[in-house]
1. For the range 116-134, name all the residues that are under 21 Å from Leu83 (Cβ atoms), more than 16 Å from the ligand (Cβ to nearest atom) and of a type in the set (D, E, K, R).
2. Test Ser346 against the criterion of being away from the ligand (no atom under 16 Å from the Cβ), assigned by TED's automatic domain parsing to the domain that holds Phe399, closer than 30 Å to Ile57 by Cβ and at pLDDT 95 or above, and give yes or no.
3. I'd like the full set of residues that are over 18 Å from Lys401 (Cα atoms) and out of contact with any Asp or Glu (no Cβ under 8 Å at 6 or more places or on another chain), limited to the range 343-363.
4. Residues that are surrounded by 21 or more Cβ atoms within 10 Å (Cβ to Cβ) and either touching a residue at least 60 places away in the same chain (Cβ under 8 Å) or assigned by TED's automatic domain parsing to the domain that holds Val36 (or both): does the range 415-426 have at least one?
5. Report every pair of residues separated by at least 6 positions or lying on different chains whose Cβ atoms are under 6 Å apart, first residue within the range 177-192 and over 17 Å from Leu237 (Cα atoms), second basic (Lys, Arg) and in a strand (DSSP E or B).
6. Sort out for me the strands (runs of 3 or more DSSP E) sitting completely within the range 284-347 that have 3 or more residues that are not hydrophobic (A, V, I, L, M, F, W, C).
7. Looking at the range 179-229 only, could you name the residues that are out of contact with any helix residue (DSSP H, G or I) (no Cβ under 7 Å at 6 or more places or on another chain), more than 15 Å from the ligand (Cβ to nearest atom) and in a strand (DSSP E or B)?
8. Since Thr86 meets every condition but one in (1) over 29 Å from Ala381 (Cβ atoms); (2) under 21 Å from the mean Cα position of the chain (by Cα), which condition does it not meet?
Amino acid sequence: MVATAVRWHGELAPGHERRDGTLYVGGVRVDELASVYGTPALILDGHVLDATISEFIEAAVRHNFDVAYAGKAFLLIELVRLLAQTPLQLDVCSLGELITAERGGMPAHRMTLHGCAKTEDELAAAAAGRVGRTVIDNLDELAALAAAGARIPLLLRINTGVEAHTHAFVQTAGDATKFGIAERDFATAAGILGSHPQLQFLGLHSHIGSQIYETGAFLANVHRLFGAAARFASWNLPVRELIVGGGFGVQTGPDADTQLDIAGLLNAIAQETGERARTLGIPLPRIGIEPGRAIIAPAGTSLYRVMTKKRQASRTFVVVDGGIADNPRPALYDAYHHAILASRTSDEEGERVIVCGRSCENDRLTEAILPRDVRAGDFLAVCTTGAYTYSMASNYNRFSKPAVVYAKDGSHRLLARRETIEDVVRNDVDV
Ligand SMILES: Cc1ncc(COP(=O)(O)O)c(C=O)c1O
């Protein structure tokens, strides 16, 4: 059962409502949001965020699972402040994310440091105890931490070889990806751990990819993780914690086929873990999951102003005032975002259009059915944009990054200011 606030209502994304034709996000009219903060703006709906968090926490507590939010999906100091008030833990994968989390008041013991190639500074932060545990992705960083001599609680990220059905760019296990320690290196890793007792081995980790809807892929990953856990146990390295990753797919449009039942999936994972532990005769480790997208994506809506509309020979383009710089996901891996006319409704018939940005690329944001009379000055809402948009945004064309706004129950406040042009040029040498 999907929590109501995280459900689509026909064409309307979670948290969206229409009153007198105008779209409200977080209970606030989009034209008010646009006039206060400008466009493009990324609006985070507080109720939807609360609902996604509750959905995970409620499903996880039944099985005593830990839930860590994967900060790479979207992290800002003020967002961390909100997350710190929930039972969530937090994954960070760089010094930048760690410092953001520290400034937002997330305690070290609730944080896990990830990253597939950690810098000296990041390893030093782990050694200094600025995170509760570190997930090691390769033998070189394991050796570097061993040499540091500090007591460091850690897990090993392994490549379980499970290839999920998702875009190749967001697949993170299997032979075609760089992530995790390969099976052939398990014994070497165990040797380093065995000879450096200050490295406190907690267990294993695997994350197979993102935007995955198949329960079978998650279960296959769990199955293989247990196989690895039994090997480490045989080397006197019992696995007390097993992190089975994130990657939970979210619904990106009214089409109900793309729903993932989180409670049902966690039940299935709990059942699989119990069975595997019994079959292999090893104690049941504590299980952790680390959703990023599924926590934050549904809460996000990108608000754009239509700049122009053009008909080419066979296609119609609606050009908005953002694009690949604030949302590279469609260009990177063909991500789908549902777009609707937000500032009004129209009795005009719908037509298929390509919604694109104003950058010097064919930056198709999405395809949508929009009323024929959509015109410059209208606002469009591009939905499900909370994850991997702002966190992947660039200054391409020297555009400034959008404002990020938190809206809940009709009130709103800034989480991040819109960049100014001065922000964009601030690192240029200009003597
Ligand atoms: C190690 C790890 N954990 C969790 C996640 C979160 O994935 P998602 O946002 O799809 O839940 C990622 C994302 O790539 C990841 O690399």
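The values are calculated or read from the model by the stated rules, or taken from the named source; none is laboratory data. Quantities reported herein were computed from a predicted structural model and do not represent experimental measurements. For neighbour counting, all protein chains shown are included, and Cβ atoms are generated from backbone atoms with ideal geometry for every residue, glycine included.
1. Selection gives Arg130 alone.
2. No; evaluated as a whole, the condition is false for this residue.
3. Correct list: Thr345, Asp347, Glu349, Gly350, Glu351, Asn362.
4. no
5. Pairs found: Gly180/Arg157.
6. 300-311
7. Scanning the range 179-229 gives Gln200, Leu202.
8. The failed condition is (1).
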